Every structure is written in structure tokens, then in C-alpha cells.
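Engineer: Quick one: structure below, then a few questions.
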2 protein chains.
Amino acid sequence: MKKSPLQIARAAYQPKLPKALKGQVKLVEGEKTQSVADQNEIQKLFPNTYGMPLLKFETAGVSTSLNDHRPINAGVILSGGQAPGGHNVISGLFDGLKAIHKDSKLYGFLMGPGGLVDHNYIELTAEIIDEYRNTGGFDIIGSGRTKLEDPEQYDKGLKILKKLDIKALVIIGGDDSNTNACVLAEYYVAKNAGIQVIGCPKTIDGDLKNEMIETSFGFDTACKVYSELIGNIQRDCNSARKYWHFIKLMGRSASHIALECALQTQPNICIISEEVEAKQQSLDEIVAYIAEAVAYRGKNGKNFGTVLIPEGLIEFIPEMRVLMDELNDYLAHHAEEFAAIDKNEQRAYMISKLSPKNAEVYASLPEGVARQLTLDRDPHGNVQVSLIETEKLLAEMVGAKLAQWKKEGKYIGKFATQVHFFGYEGRCAAPSNYDADYCYALGYTASLLIANGKTGYISSIRNTTESAENWIAGGVPTTMMMNMERRHGAMKPVIQKALVRLDGAPFKTFASQRDVWAKETCYVYPGPIQYFGPTEVCDQPSQTLLLEQGKTI
Amino acid sequence: MKKSPLQIARAAYQPKLPKALKGQVKLVEGEKTQSVADQNEIQKLFPNTYGMPLLKFETAGVSTSLNDHRPINAGVILSGGQAPGGHNVISGLFDGLKAIHKDSKLYGFLMGPGGLVDHNYIELTAEIIDEYRNTGGFDIIGSGRTKLEDPEQYDKGLKILKKLDIKALVIIGGDDSNTNACVLAEYYVAKNAGIQVIGCPKTIDGDLKNEMIETSFGFDTACKVYSELIGNIQRDCNSARKYWHFIKLMGRSASHIALECALQTQPNICIISEEVEAKQQSLDEIVAYIAEAVAYRGKNGKNFGTVLIPEGLIEFIPEMRVLMDELNDYLAHHAEEFAAIDKNEQRAYMISKLSPKNAEVYASLPEGVARQLTLDRDPHGNVQVSLIETEKLLAEMVGAKLAQWKKEGKYIGKFATQVHFFGYEGRCAAPSNYDADYCYALGYTASLLIANGKTGYISSIRNTTESAENWIAGGVPTTMMMNMERRHGAMKPVIQKALVRLDGAPFKTFASQRDVWAKETCYVYPGPIQYFGPTEVCDQPSQTLLLEQGKTI
């Protein structure tokens, strides 16, 4: 297979490992833990894996029992959307298992959790692992979205685990996958199956983090790729001086990616969904907010700018959520009737059927978006929010408002737009040094948790704004991060999703500067991820993490 | 102004300069030249700047007259679309002028050629220049699309040039801007104005090249940015295994960018406009070609892939060009009548008015594209081809064909798509080492052409697939590249646009491998541009250039 020069050079990179994981390692047990909320319910659901202590690995002065371990067979699964660094979690896990004993084996289940259930797997040999070190993507074994939620799946999985003499399973996934990993851990303990389950925190969205998990892997790299592109667009914007660029960024519900990219690039505008919800802003208010910045800059001869938009925005606008709820509900009961109506009459039909307030909001939407809201439903009958082109919606509506203001003499200037959506461009980038190191350490730590017989833990690496030497490796009981939430009509134990905190340092830093960014042109150009240069260029964590840990940026 | 760590580190980069430009430099005159075609007409139009010799700079053994030159004042203009490296042309020019004499001055005319006509300029001091070394964008003085075509403009320009005691003007632009630069050079000689005009070959599109101009600057960097993104998407594609990504790439008429990106990333499919035209392919044939690859891969369980589409494709499909001609013509005479028709009836109306063959093609187009073809006209009444979403057009039409084949039992598999358009993401990226060096050398060479009293030349750097030390610096008479072409109804002298040559090594290399790429998965992942690593990672020219110069890739 042909490789690029960078692929070849990057393969030789040896991820930095915390000092504590080098040489002889000992396990230190910390305090017993509680779940973040709903302690009684969570404890009842996880009698065997609740309340376990925090774990930390430290350098051992003398040889410990770990170091004359017998071989360990382990399995690994990639679950859900891709994130840069997944291959390094696997190579760290592999190297850790081999350090424990050279005859340890690692099996990879193919195309996500479904590979466990359906017994599709390969053995990950050194030859395979070496092909994927420090590369992006999940193609080493593929990923998938099958949810492990059903005891029948667990039992099917158990068969192949037993057959391969696998002692532990590492599940690399987001909040849902880690929740399910913990349910599986509990199930196997209850069944005395002899299978440990360890999770690893993955997602570019950055919404799987808490006191003990500083960040989910992939967030750093994905944000750096998007920021490279935003920076490039801003240079263009500032050179050509004729377009407003509306840029939507992946990230599901949370606005972490948009916020991080804003901190890296200093765009004119960045919308934060969590703030929109907290302030109960209407679509018209958001449109007016952007239009005011356009008008201000236009008055000063600056008919250009950039607007960052988080993917999940539409759901956080209260009036839009209410509208979508009514649409979902109405169309669930009138799907055939609606489908029978001439396409050109559907909009008027919908307006006639909606309650007055929703009809008004619906009527205010540009035609394309209004149509999207009535088509494209997911298997549950809901609007597929990720398909809504919010970037076009806002660009069009801002244009309409400015045209109105122009008539009223309140706006002079030209308004032309370009729209972009960045997501797939960053999910499989080769990991930054930060993610390469962080992921490798997560995987390596997982091997130590396995060797120490632990289950129901998430691999944890902390203190990552310091040099890698001083990173703290350990494990966090997954139950510690859980609370009860309503999902599909029933209360379920789940890991709390971390949305952007409006009282957190990243948002507050952004909020304190954004008025200047809107008026002046304060663009920063991060450029592409560098792997070989000076450490201040190559080894920086995200701005979000630095601020969360009290550092200045 | 806040800067990213990479901006700060990159500012210190000292572009590599050809050996011949270091120290004492002497000018060697080569053979007299002829225009590539229409020699009589071109000579008649350029009596003073036609037939001049090729120029080459060489290391001088002894001090030459150049080295005790008096100060030179020069002006510089950025013309047309942004391309990575423009700032380095200017810094090379600045350093060259200062090396000639420390009291030389460089003036920048603002926002393109219009700055010369309207007397908007700044003096580019060392302080300003240092802020922009090795950065992307044209924001140092801005760019613009005003065309210098009119003697009145030339005379207005002359006033400010005289006032500032400017001896020479450097115009950084594409084929049209360089043509106009030569007309201006001729005008000023004829008028004995004492102003030299030198051009520099700029455009990411790569269509300004010939025997003496190996490549236009910016092509290298832009292609590397797009290839980074295509590579990332291919990793995702190969991990998630569920989408076909249709990726449109900037590049105007020529398919150089698409071809270069294909050579760098080995996608499943890449369409080359020049081939479509040569083979007189219909839209349906292109759709069938893609659908066949999708079907083949689907049969083998590979329901994913990538398709690269050059921006200008639609104009190269003979039947589409004929259709657009009729639409342009019809709508020019029936604009009001058409506008008065209900939007939902416009398609049927158009079909009823078009000639039978065009009506058939028009009826086969998806609704959105059909609408685009009747709206969005430029000031000349033509369809704005760049606004046509060819990537969506092809994705939809391939989907429709596959659905048909499925009914006929000829296709099994799933077909889901994602579309992308990359352009603004790369035009203002910070230049690769190649472009940083190439541009700096172009600018430095321009200063030497000025010092030697030359006018009507384009700065030329050749042999750039060798190490920068051995690059050949000189000048090419602009008239040498010209021929006569019909523009807006009249014959004009213009620099021949270089389209992809189907008998050239880049296309032939691509064509010899593409069948394997379509069937297998041969993705290459170039990753982001690196500035600090090993030379094989950081200093490579484009694949196109390597192949054109007989190198292997």
C-alpha cells in the first residue's frame, strides 16, 4: 500500500508516556466513590461495580507482582463515530499487554460492538499494530453503532470471549458506549463470567468529561483541523474583503468544538447553543445579533466576517424545539395525508395545521429549511437535526433582515455569503502529538487496569496540561459519573453529558472578548497541525483544557 | 495582534534562495523569443516588448555594475484571487530592492489594480514586511479584480508612479493580469514613461504554466491543503464504511487541482474535465461511470468511496454547454416573461421552450440544479457556473441511476452520500516550504529584472524539482507566451491558458492507475503541510510537477 512521506515519517513517532507508567508500576487505591447523582438508584443497578475506589498508578521502588504476570488475552472494540487517536489507544493497549507478558494476545472485534455479538474478529499482531501507530481513523478494525444493551448480546459475546480465552474487553467509545460498557461489566461480574470490562473516553465532541476525565480523545485534533481551516478562511476573508463566511461545526448537542475553535481563531461571531438556551433566545434574536455585527462592520467598510455555528444549535433555540416537537407529533399521525399533498402546497398546509405561535415561526423560515423540517425523519419519527443546514438558514435570514434594514435606512453595506460545514474533515485526521500521547497512555493504562483485575473502570489520564512526564494515570469507576436520565420514555443510568458551562473559564474568556472580535478584525491563524517543530507549536493542549485548568492562553 | 504559536515560529523561516541569486549576480541574455502563435499579430501589438531574449541570472565572479546601483523605488500590486505565497513574493522583492540599495523603497497599491488607478497605496516598510513573511493571504495590501485595460487607467496610474518616483511596477497575478501587465509595459515604453512592468505567475488553479513557467505559485500549497482534507475524509470513509463522498475542488476551468489531489490521495474516482470534453462524454455517461464503480464496490461489500470533481466540469460536458448556451440566449430575451411565471411552473415552462435535445437534458436534471441554471446570472447574462453544485448534481443522479439498477436487479448495496466543496479553505493557507521558497525567489528575481532595466518580462524560476540551491532564476518575455484569442467578441492577445494535457505524464500516470483505485481501496493520506520535519516531508514539489519533469512519484 502506497504511503505519503508524512505517513512514513510519523509511523516512527514514539508517544510520550507518563513517568509513572515506565518501568515498575504499582497501583494505589484512593477514596471510595459515589455517583454524581441518584446514588441509591445507581447503586441498586450496579451492586458489584458501584462505589469502587479511584485508582492511580505510581512508580514502584521494587518489583511488584504485576511484573511477573502470566500472559493476558484481551479484546478491543471501537464504538461509534471516529475520533483521532483510536489507533494509539489500541497500540498503547497492545504494548502494555506485551510488556506484561510477551505471549499476551490482543483481539480486535470488527466494525464495532456488533463484531463481539457476531463473532467477527482478528488477532492484532505486531505487524498490524505497527501499520497503524499514530494514524487517524478507526480502520484498523472498523467501528459501528450497534448498542450493547441486551443480555442476549452479552451472552453471545461471552461465548467468543471464552473461546479466545479473553480475560478483559476494552471498549473505546463515547458516553453511551461507556455507560453500556459498565452495564456489561456489571453483568459479567454478576454472572461470575471472569471477564473484565474497561472503557476509554472517546469523542471529538468533547462532551464526555468531568472531574476525573479531563477530556475525551480526538477533541484536540479535530478542533485543530477545523481551526486550521477557519484560520485559512479568515485570511481569505480579510484579503478579499467581500464575503461573510457562515461555518457550521460538528459536535452534536454540545458547543465545545465551536467554542474551542473560537478561542483558537477569534472569529467575528460564534454562537454557543448552551447560552442560547439559557437566555431563551429566539431565532430572530440570533439573526438580529449577527445582522447587527454585519451592519456595524459594513458601516466601517468591512463587508466581511466569519460566523461559527455549532451543529446542534437548532435544538437549543426554545421556539424551534417547540416547533419541531409539534411537527414530529403531527407528522407521526398524518404522515400519509401529508405525503399525498402536492410538494408545492406542503408549506401552506403545515402552516394551516400548526398552532398559531408555531405556525408563525414556521412561516418565517426559508423555504429549504422549512421543507427539511417536514422530510428526513429518523426511525423514531424525529427530525434529523444534523441534516438541517443551519449555516444556510442563518445566512439567508441575516440577509433578509439586512435587506429590510436597508429599506429602513438602517444599514449600508454589501452582504454576500459563503457557507461551510466541517465535520468529516477532522474526525479521522492523524492525531496531534497531544492526542497521540494521550491515547497511547489511555491504552497503556487500560492494560494495567486489566492486569490488576479491575472492571467497570474508565482509563483515566490527568494533569495533561503539564508535560507528559508528569501526567497522572489511573482508573475511575464508571458508576461515579452516572446519574439517572429519561431516555426513550424510561429512566436509565447514564454518564452525564458535559455541555458548555456558562460559568466555566473557556466560555467566560470567550464572552469577555467577543464584542471586540465582532467589531475589530482580530483573526488568529493557527495553521496546520505540526508534528516535528518546536514544542510550543507541536505539543499544546486545547485552549479549553488550558483555561479549565486555570492556565492563561 | 494575537498570533498563534505557528505564526510566530514560522515568521522566522528564511526562504531558500537559488545559489545564483546570492552574492554578486550577473545577467545572461539568451535567445530572442517568438510568441507561441500568431507571431505577426502579437508583434504588431507589442512593437517594443516583442521578441526580447530570455534572461538568466548567474553568479558573477566579480562585482558588477548592479552592485553599486542607486536606490530604486518600486510598486507592487496583487491582482485577482488569493494564492498562498503572495506575501513572500513581496518580501523577496523588498529584500532584493534593499540589497540593491538600502534606501530603495517599495510601495504597495491597495486592493488590487484599482489602487494604482485611484492612488491608494502605502509604503511597505521593513516593519510591515516582517509581519507578513511566510504567511498566507493577500491581506498585506489586499487584492482586487479591476482590470487594467484602458489607457485612461494607465495615465492615471502614471501620475502617482511619477509622484512617488517609482521606476518599476510588479504585478502579481494570473494569466489575464499578466497579459494586462504586458500591455501596460508596452504602453509605458511607447510613451517613454520610464516605468518598467514585471509580472509574477500566480494562481492556485495551476493553469498559468508553459515551457518557461514551471508552475504558478499557490498551486502547491492549495493542493496540499485539499489533499490533507481528502485524505482525512478517506480515512473516515474507510473506517465508517457507509458513505460515498462527492468532493468538488476549486480550479476554474482547468482540472489541474483535481488531478494533483488525485495523484496525492488515490481516490476511487476523479473526473477530469479535459478528458470529458475530448471524449465528448454526456452527463449520463459520467453518471454511469461513477455508478458502475459504486455498484462494483457494493457487490464486494464496500458501500463507500470518494469522487473528486473539478469545479469547471459542467462547462466541459458538451451537451451541458449547448444547453446553457440556449438557456442564456433564451433568458436574455425573455427575462421578464420568465420571472413572471410561478416558481413551481418554471421548470415545465423551460422544457416547453427549449429545443427537443436540450429539453431532454434539462428534464433529466435534479430540480435544484435545473433551477440554478435559470437563476443566478452574471452581469453578462451567463449562468454562474461556479455556483452550480456539481457535487450534489452528480451525487443525486448517481443515486437515481443506482435506484433504477436496483429495480432491474443489476445493483445490490447501499448508497448514501456526503458532499463537500473545497476552495476557500486553501487559497490563503500559509505557503508550503515549496511555495514560500518559490515565491521569495520570484520576488527577488523581479527586483533584479528591475535593476537591469527590463520591462515586459515575467519573473521565472525553473528547475524547482531540484534542491533550491540549483533553481534557475531569470525572466521570460511575456509576449513569448501569447497568442490571439476571441474574448467578448473581439480578438485579443492573451497568454495561453494551460489546461490538463491528456498526453502529459500527470494525466497518463493517473489514467494508468485509476481502474485499480476504483475497485480496490488504495487511499493515501498526505496529512497536513509540515514546516519543520524531514525534507522528504516538508520540501516536496507537487506530484504534477515531478511527473512533468520526468521524475517518478
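Engineer: Pairs, please: C-beta under 8 Å, at least 6 apart or cross-chain, first residue closer than 27 Å to A:SER512 by Cβ and in segment A:529-550, second part of a loop (DSSP other than H, G, I, E, B) and of a type in the set (A, V, I, L, M, F, W, C)?
Structural biologist: Note: pairs meeting the criteria are A:VAL537/B:PHE532; A:GLN543/A:ILE553; A:LEU546/A:ILE553; A:LEU547/A:ILE553.
Engineer: Further question: Quick test for you: out of A:ILE461, A:ILE472, A:ILE450, A:ILE388, pick the one residue that is out of contact with any Leu (no Cβ under 8 Å at 6 or more places or on another chain) and among the β-branched types (Val, Ile, Thr). Working first, answer last.
Structural biologist: Details: A:ILE461 fails: out of contact with any Leu (no Cβ under 8 Å at 6 or more places or on another chain); A:ILE450 fails: out of contact with any Leu (no Cβ under 8 Å at 6 or more places or on another chain); A:ILE388 fails: out of contact with any Leu (no Cβ under 8 Å at 6 or more places or on another chain).
That would be A:ILE472, the only listed residue that is out of contact with any Leu (no Cβ under 8 Å at 6 or more places or on another chain) and among the β-branched types (Val, Ile, Thr).
Engineer: Further question on the same structure: Among the residues of segment A:393-411, are any within 30 Å of A:LYS26 (Cβ to Cβ) and either among the β-branched types (Val, Ile, Thr) or not in a loop (DSSP other than H, G, I, E, B) (or both)?
Structural biologist: Residues of segment A:393-411 that are within 30 Å of A:LYS26 (Cβ to Cβ), as a first pass: none.
No, there is no match, as no residue in segment A:393-411 is within 30 Å of A:LYS26 (Cβ to Cβ) and either among the β-branched types (Val, Ile, Thr) or not in a loop (DSSP other than H, G, I, E, B) (or both).
Engineer: When segment B:472-501 is examined, which residues are found to be over 19 Å from B:THR33 (Cβ atoms), touching a helix residue (DSSP H, G or I) at 6+ places or on another chain (Cβ under 6 Å) and modelled with pLDDT of 95 or more?
Structural biologist: Across segment B:472-501, the qualifying residues are B:LEU499, B:VAL500.
Engineer: Please count how many residues of segment B:114-128 are in contact with a Leu (Cβ under 8 Å, 6 or more places away or on another chain) and surrounded by fewer than 22 Cβ atoms within 10 Å (Cβ to Cβ).
Structural biologist: From segment B:114-128, those in contact with a Leu (Cβ under 8 Å, 6 or more places away or on another chain) are B:116-117, B:120-124; that's our starting set.
Still in the list and also surrounded by fewer than 22 Cβ atoms within 10 Å (Cβ to Cβ): B:117, B:120-123.
Selection size over segment B:114-128: 5.
Engineer: Same structure, new question: Could you pull out the residue among A:GLN372, A:GLN418 that is within 22 Å of A:MET350 (Cα to Cα), over 18 Å from the mean Cα position of the chain (by Cα), within 14 Å of chain B (Cβ to nearest Cβ) and polar (S, T, N, Q)? Show your work before the answer.
Structural biologist: Working: A:GLN418 fails: within 22 Å of A:MET350 (Cα to Cα).
The match here is A:GLN372.
Engineer: Out of the residues in segment A:1-22 that are touching a Lys or Arg at 6+ places or on another chain (Cβ under 9 Å), more than 10 Å from chain B (Cβ to nearest Cβ) and surrounded by 15 or more Cβ atoms within 10 Å (Cβ to Cβ), state the one that is modelled with the lowest pLDDT.
Structural biologist: A:ALA20
Engineer: Residues being touching a Ser or Thr at 6+ places or on another chain (Cβ under 9 Å) and among the acidic types (Asp, Glu): count how many of those fall in segment B:140-184.
Structural biologist: 2
Engineer: Just to be sure I understand, how many residues within segment A:41-61 are open to solvent by 60 Å² or more (accessible area, probe 1.4 Å) and of a type in the set (A, V, I, L, M)?
Structural biologist: Final tally of qualifying residues: 1.
Engineer: Any residue in segment A:253-271 that is at pLDDT below 95 and within 30 Å of B:PHE422 (Cβ to Cβ)? So that I can check it myself, show each step before the final result.
Structural biologist: Taking segment A:253-271 first, the residues at pLDDT below 95 are A:253.
Keeping just the survivors that are within 30 Å of B:PHE422 (Cβ to Cβ) gives A:253.
Yes - at least one qualifying residue is present in segment A:253-271.
Engineer: Can you tell me how many residues within segment A:243-252 are modelled with pLDDT of 95 or more and among the charged types (D, E, K, R)?
Structural biologist: Of the residues in segment A:243-252, 1 are modelled with pLDDT of 95 or more and among the charged types (D, E, K, R).
Engineer: Does B:SER253 satisfy being surrounded by fewer than 24 Cβ atoms within 10 Å (Cβ to Cβ) and of a type outside the set (Lys, Arg)?
Structural biologist: yes
Engineer: Here is a further query. Can you tell me which of (1) within 12 Å of another protein chain (Cβ to nearest Cβ); (2) open to solvent by less than 10 Å² (accessible area, probe 1.4 Å); (3) out of contact with any Phe, Trp or Tyr (no Cβ under 8 Å at 6 or more places or on another chain) is the one A:ALA258 doesn't meet?
Structural biologist: Result: A:ALA258 passes all but (1).
Engineer: Continuing with the same structure: Of all the residues that make up segment A:233-250, how many are open to solvent by less than 10 Å² (accessible area, probe 1.4 Å) and at the interface with chain B (Cβ under 9 Å from one of its Cβ atoms)? Before the answer, list the steps.
Structural biologist: First pass over segment A:233-250, keeping only residues open to solvent by less than 10 Å² (accessible area, probe 1.4 Å): A:233-234, A:236-237, A:239, A:244-249.
With at the interface with chain B (Cβ under 9 Å from one of its Cβ atoms) added as a condition, the list becomes A:233-234, A:236-237, A:239, A:245.
Of the residues in segment A:233-250, 6 are open to solvent by less than 10 Å² (accessible area, probe 1.4 Å) and at the interface with chain B (Cβ under 9 Å from one of its Cβ atoms).
Engineer: Which helices (runs of 4 or more DSSP H) sit wholly inside segment B:275-350 and have at least 2 residues that are open to solvent by 20 Å² or more (accessible area, probe 1.4 Å) and either within 30 Å of B:CYS223 (Cβ to Cβ) or touching a residue at least 12 places away in the same chain (Cβ under 8 Å) (or both)?
Structural biologist: Working: elements: B:283-299, B:313-316, B:318-339.
Correct list: B:283-299, B:318-339.
Engineer: Sort through A:ALA99, A:ALA185 and tell me the only one that's in contact with a helix residue (DSSP H, G or I) (Cβ under 8 Å, 6 or more places away or on another chain) and closer than 23 Å to A:SER216 by Cβ. Full working, then the answer.
Structural biologist: Working: A:ALA99 fails: closer than 23 Å to A:SER216 by Cβ.
Only one candidate passes the filter, namely A:ALA185.
Engineer: Pick from A:GLU408, A:GLU389, A:GLU396: which is within 14 Å of chain B (Cβ to nearest Cβ) and not small (Gly, Ala, Ser)?
Structural biologist: On the way: A:GLU408 fails: within 14 Å of chain B (Cβ to nearest Cβ); A:GLU396 fails: within 14 Å of chain B (Cβ to nearest Cβ).
After ruling out the rest, the residue left standing is A:GLU389.
Engineer: Follow-up question, since we're still on this one. Pull up segment A:141-166, narrow it to residues that are among the polar types (S, T, N, Q) and away from chain B (no Cβ under 11 Å), then point me to the one that is least open to solvent (accessible area, probe 1.4 Å).
Structural biologist: In the first step, residues of segment A:141-166 are kept if they are among the polar types (S, T, N, Q); the result is A:143, A:146, A:153.
Filter once more, so that each one left must be away from chain B (no Cβ under 11 Å): A:146, A:153.
Details: A:THR146: 64, A:GLN153: 33 Å².
Result: A:GLN153.
Engineer: Go through segment A:387-420 and give me each residue that's surrounded by fewer than 17 Cβ atoms within 10 Å (Cβ to Cβ) and within 22 Å of A:CYS270 (Cα to Cα).
Structural biologist: At the first step, the residues of segment A:387-420 found to be surrounded by fewer than 17 Cβ atoms within 10 Å (Cβ to Cβ) are A:387, A:400, A:403-404, A:406-410, A:412, A:414, A:416.
If the condition is that a residue be surrounded by fewer than 17 Cβ atoms within 10 Å (Cβ to Cβ) and within 22 Å of A:CYS270 (Cα to Cα), then A:LEU387, A:ALA400, A:LYS414, A:ALA416 are the ones that fit.
The values are calculated or read from the model by the stated rules, or taken from the named source; none is laboratory data. Everything numeric here is computed off the predicted structure, so don't read it as measured data. Positions of Cβ are generated from backbone atoms using ideal geometry, with glycine treated the same way; all protein chains shown enter the neighbour counts. Remember, those area values only see protein heavy atoms, side chains included, never the ligands or the DNA or RNA. Shrake-Rupley method; radii C 1.70, N 1.55, O 1.52, S 1.80 Å.
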